[in-house]
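Colleague: The structure follows.
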């Protein structure tokens, strides 16, 4: 379930990213280890991520995902292994939030 989408301006944000171009079928095997790799690189540089991981899709096709997996950061990251400094450009965006269906059911049953 998602909240009603709205249009807003998103400022440029520094990030630490790993570029992945993978078969769709391997997403479940690749995503978790890449998140762990990002978090280890940030920890080794004493950088705390600002929030949850994000995926910025560059292109999509029926059989592949081409995207940057990353975390927003307050200070630039130094490249190490597959982890690179990145940035999401300022842009006009549509934004929403996803909520698990269980949270709606739990609230309804509590009333």
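Colleague: Would you check which residues across the range 22-54 are under 16 Å from residue 84 (Cα atoms) and touching a helix residue (DSSP H, G or I) at 6+ places or on another chain (Cβ under 8 Å) and list them?
Modeller: 48, 49, 53, listed by residue number.
Colleague: So, in the range 54-87, exactly how many residues are within 18 Å of residue 14 (Cβ to Cβ), in contact (Cβ under 8 Å) with a residue 12 or more places away in the chain and not in a strand (DSSP E or B)?
Modeller: 7
Colleague: Of everything in the range 1-48 that's assigned to a strand (DSSP E or B) and within 12 Å of the chain's Cα centre (by Cα), which residue is nearest to residue 63 (Cα to Cα)?
Modeller: In this case the residue turns out to be 19.
Colleague: Separate question: Somewhere in the range 83-106, is a residue touching a helix residue (DSSP H, G or I) at 6+ places or on another chain (Cβ under 7 Å) and either surrounded by 12 or more Cβ atoms within 10 Å (Cβ to Cβ) or at pLDDT 95 or above (or both)?
Modeller: yes
Condition check ((1) under 22 Å from residue 95 (Cβ atoms); (2) surrounded by 11 or more Cβ atoms within 10 Å (Cβ to Cβ)) across all residues:
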| site | (1), (2) |
| --- | --- |
| 8 | yes, no |
| 27 | no, yes |
| 33 | no, no |
| 37 | no, yes |
| 40 | no, yes |
| 56 | yes, yes |
| 62 | no, no |
| 70 | yes, yes |
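Colleague: Go through (1) part of a loop (DSSP other than H, G, I, E, B); (2) over 15 Å from the mean Cα position of the chain (by Cα); (3) under 22 Å from residue 98 (Cα atoms) and name the single condition residue 51 misses.
Modeller: It fails just one condition, (2).
The values are calculated or read from the model by the stated rules, or taken from the named source; none is laboratory data. Just so it is clear, the model here is predicted, and its values are computed rather than measured. Here the Cβ is made from the backbone with ideal geometry for all residues, glycine too, and neighbour counts use every protein chain on show.
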